[in-house]
Amino acid sequence: MNKDWMGKYSGSSSLGLRPSSTEQVSQILAYCSLRRLALVPQGGNTGLVGGSVPVFDEVVLNMSAMNKILSFDEVSGVLVCQAGCILQTLEEHVSQRGYIMPLDLGAKGSCHIGGNLSTNAGGLRLLRYGSLHGSVLGVEAVLPDGTVLDLLRQLRKDNTGYDLKQLFIGSEGTLGVITAVAIQCAPKPASVQLAFLSCPSFAAVQQVLRHAKQSLGEILSAVEFLDQESMAMATQYLPGVSNPLAQAGPDAAQQQQQGGGGEQGGPFYMVVETQGSHAGHDKEKLEGFLEAVMADGSVADGTLAESQAQAAAIWRVREGITESLVRRGAVYKYDLSMPTHKMYELVQLVRQQVAHLPGVKAVGYGHVGDGNLHLNVSSPSGYSDELEQLLEPFVYEWTAQQSGSISAEHGIGLMKAPVLGYSKSSEAVNLMQRLKVLMDPHQILNPYKVLPGVEHMGRVEMYDDR
Amino acid sequence: MSKVLVAVKRVIDYNARVRIKPDKSGVDLTNVKMSMNPFCEIAVEEALRLRESKAVDEVVAVSLGPQQVQETLRTALAMGADRAIHVSTEQQLEPLAVAKLLAALARREQPLLCLLGKQAIDGDNNQTGQMLAGLLSWPQATFASKVELDKAAGSAKVTREVDGGLETLSCQLPAVITTDLRLNEPRYATLPNIMKAKKKSIAKLTPQELGVDVTQQLVTLQVEEPAQRKGGVVLGSVAQLVEKLHKEAKVI
C-alpha cells in the first residue's frame, strides 16, 4: 500500500484501513477530520503520477473491500456499484448482459471504478464513448468531515442546481471519497473489427487518422499509434508478444531493411478499431477505408484480425508497452495533449536530448485519435537527477508553448503538482485552492497532491476554518 | 504440378461465449462471431510453408456448407492459398459426409497431400481426417506436430503428439495429415494479400456434382450446458473430511 505500481513513489504509512461500507468511510473521515489525521484514498493503486500512495505517514484508505455490484438495469444499461469494484469485473458482468463499460484501459485487471472516476480516466475508447464527465450519471461520495453526499441517480438528464458530482470526477480524491457510482454502459457491439497498420512516417499516421474519421465515421471506436521503439520494447520485454507484421519467410529480411530507423523515423504502427451493430456494413466501410489508405501510400502494410485471438494479440502489443517499460527499468512518463501534427516532434527532440546517455531510450505512443501523446523515457539503470533535469521542465515548457496539457489523462497526483501552472492560469489554480479549503478545511484528504503548495502560487485567500 | 488440399471449417470464434438455444436443439448462432477453426488455420499455414519450401506447387483450400463459408475461404486465400473450392449445400454435414465429399474432391484434384485440422472446435469429433484416409485407402498421420516432406522419395515423415509423448511415422504419399496445436503458429493475413484475395477465384460445386449423398444419418436429440460446477468447501479437520466423504459424497 505504501508503494506505487511503478516503484517510483514510496511513503511510510503505518496504518491501512479497508472499509466495507459507506457508513464506515463516513465514520473514518469524521474521526480523521476531528483529529486532523491525513488520509490517502487508494483504489487499485495503478495510478501513474504517485497520487494513490502516502507521501509521509498519511493513513491509507483502501477501497478494495467495497466491491459489490449494486444493480444493473438491462433496459437502460445503467450500472450501479461500489467504488472498489475492479473495472474488468464490471466489464465481465455487463458483457454477459449485452453491454460494455464506456471506458477501457490497460490497467483494467486491477484498477477500481472509483479510481477511474477520481482521475477522470480516459483510455482506449474515449474517442467513441466520451469522457467520464459524460458517462457517469451519479456519484455517492463522503466529504472530508464525514458527510455522506448522495448524488446517486440513474438519470440521463437532471438539471437541478449545480452538478456537484462533477467535482469528484477528476479531483483525484482531494475533495471527497467516492463510495458508489452510477454509470451509463453502452450496448455491446455485434461487430468489432480491428486493423493493425504500418505507416512510413508520422505524416502518414495523420493521413490515416483523417481517412479513418471520414470513412469510418460513426463506427470508429479507437485509433492508437506506437513508434518503432515502442514496438521493440513490447516484443523484447513481454513474453509471447511479437510484431503481427513481421513475417517469418523470404520477405522478412527485406522488411527488416526497410523498417527500423527509416529517414522519417518509421515505421509507425497504428491500431484502428471499429464497433458497430452490423458486421456486413462495418466490413464494407473498413474495406473502403483500407483501399483508400493503401492507394495513397499512407499505409505500407497491415493486417485485419480474423479472429478474437488475433485481435487480443494485437491489443496486447499496444496495451503492453507500459508494462514492458517497467520491466526494462525506471520510466519517466509524460502524458501530454497537443496539436496532433506536433506530437512526434517532441519525441524526436527528447530522443536527441538523451542520446548521449547509455541505455536510455525515448518512446512515443498513444491515443493519436484524441491528440494524446504518451512520451516515455526508459532508463534501465534507474531514476537519476541528471536525466530528470534533461527532461524537466523542458517537456512541460515545450508543451505549454503549444498550448497543450501537461497531463492529458493521468492526472496531477504528486508528480505534477509543482507544474500545474504550465497548463492552468494562476486565477484558475487560485479558485481550485479556495474550493479545496471550502470542502476540506483541515486539509486531511490526499495532501500534497494535485494543487501546488502555497509557496508555488500567489496569495491564496483562506476562509475561516471551524 | 503437385498440390496440397486443405480443408477449412467455419466455426464459432474460439473466444466467443457459447449459448444454448432455449429449445435445446442446438447452439445459438445469432450475432455470434465466426472464424476459421484454429486447427484448420494451422493446416493452411503448414500448406503455405510447404509451398514456400518448394515441396508442393499449389495450395487449394476447400470448405463445405452454405454461402457464408466463402468468408472462411477468403481468409485462407488472404493467408496465401492459391485457389479455393466451395462445396455448396444447406444440409447439416456430419464427419462421414464431409469425408466422402473430400474423397471425391481428392480423386478429382489428385493432391500429394490432404491437410486437415485434427478436429473442429464445435463438434470436437476428430473423425474426418481418419475417415477420409480410409475412404481413399491412403496412409494417415494424425495430431501432427512436425511435418517433413521428401519429394524425391515420395514420402512424408510426421511427428505425432500422442498420450505417451511423441511418435514419428514415415508414410508414402499421397497421404492424409491432421494438424495439432504445436505444429506451427499461423500467420496474419496482410492487407495486400487480403486485397488480392478478393480477386482470386472460388470454384463452386455441389454434392450432387460430386456424386455424394449427404443425408444426415444422426439425429441430435438434445444440446444442453454442462452441469454447473458446485462451489468447493473449506473443511476444518480430517474428521470433517471423512464425514463428508461418507455422508455426502458417499464414496466411503
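Values quoted throughout were computed directly from the atomic coordinates according to the rules given, and no laboratory measurement underlies them. This one's a predicted model, so the numbers in the text were calculated from it and none came from an experiment. In this analysis, Cβ positions are derived from the backbone assuming ideal geometry, glycine residues included, and neighbour counts consider all displayed protein chains.
Key figures for this structure:
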| read-out | value |
| --- | --- |
| Length-normalised contact order of chain A in % [C-alpha pairs under 8 Å, at least 6 apart] | 17 percent |
| Listed peptides A:428-439, A:186-197 by packing density, highest first (mean Cβ within 10 Å) | A:186-197, A:428-439 |
| Nearest-ten-degree value, helix B:95-109 long axis tilted from longest Cα axis of chain B | 20 degrees |
| Counting DSSP beta bridges with both ends in the protein assembly as shown, the antiparallel % (nearest 5) | 70 percent |
| Residue order, fewest to most beta carbons within 10 Å, for A:125, B:83, A:318, A:36 | A:36, B:83, A:125, A:318 |
| Principal axis box of the protein assembly as shown, alpha-carbon based, largest edge first, Å | 95, 75, 51 |
| Anchor residue B:250: lysines whose Cα lies under 20 Å away (excluding residues fewer than 8 positions away in-chain) | B:230 |
| Using alpha-carbon coordinates, inclination of helix B:69-79 to the longest axis of chain B, degrees | 70 degrees |
| Given charges at Cβ of Lys, Arg, Asp, Glu: region B:108-252 dipole, positive-most of B:177, B:235, B:245 | B:177 |
| Cα-centre dipole for region A:191-322 with unit charges at Cβ (Lys and Arg positive, Asp and Glu negative), debye to 20 | 180 debye |
| Region A:1-187: antiparallel DSSP beta bridges as a percent of all, rounded to 5 | 80 percent |
| Theoretical FRET efficiency, 1/(1+(r/R0)^6), r = Cβ-Cβ of residue A:328 and residue A:30, R0 51 Å, to 0.05 | 0.70 |
| Pairwise FRET efficiency - residue A:95 versus residue A:246, Cβ, R0 = 35 Å, nearest 0.05 | 0.65 |
| Cβ crowding within 10 Å averaged over residues, with B:171-177, A:338-344 ranked highest first | B:171-177, A:338-344 |
| About the Cα centre, charge dipole magnitude for region A:274-422 (Lys/Arg +1, Asp/Glu -1 at Cβ), debye | 340 debye |
| Peptide-level mean, for B:189-201, of C-beta atoms on other protein chains within 10 Å | 4 |
| Residues B:213, A:104 arranged by fewest to most Cβ contacts within 10 Å | B:213, A:104 |
| Percent RCO, i.e. relative contact order, over region A:1-187, from Cα pairs under 8 Å lying at least 6 residues apart | 24 percent |
| Contact order relative to length of chain B, as percent, for alpha carbon pairs under 8 angstrom and 6 or more apart | 23 percent |
| Entries in B:54/B:196; A:68/A:165; A:188/B:24; A:283/B:9; A:157/A:449; A:283/B:146 that, when Cα-Cα distance is taken, lie over 28 Å | A:157/A:449; A:283/B:146 |
| Most to least packed among A:279-287, B:23-31 [average Cβ atoms within 10 Å] | A:279-287, B:23-31 |
| Among B:168, B:178, B:159: highest mean-square fluctuation, GNM of chain B, C-alpha pairs under 10 Å | B:168 |
| Antiparallel %, DSSP beta bridges [both residues in region A:329-462], to 5 | 95 percent |
| Shielding score for A:82-94, defined as the mean number of other chain Cβ atoms within 10 Å | 0 |
| About the Cα centre, charge dipole magnitude for region A:38-170 (Lys/Arg +1, Asp/Glu -1 at Cβ), debye | 420 debye |
| Over chain B: helical MRE at 222 nm, DSSP H runs n ≥ 4 each giving -39500 (n - 2.57), nearest 500 | -8500 deg cm²/dmol |
| Per-residue average of Cβ from other chains inside 10 Å of A:299-312 | 6 |
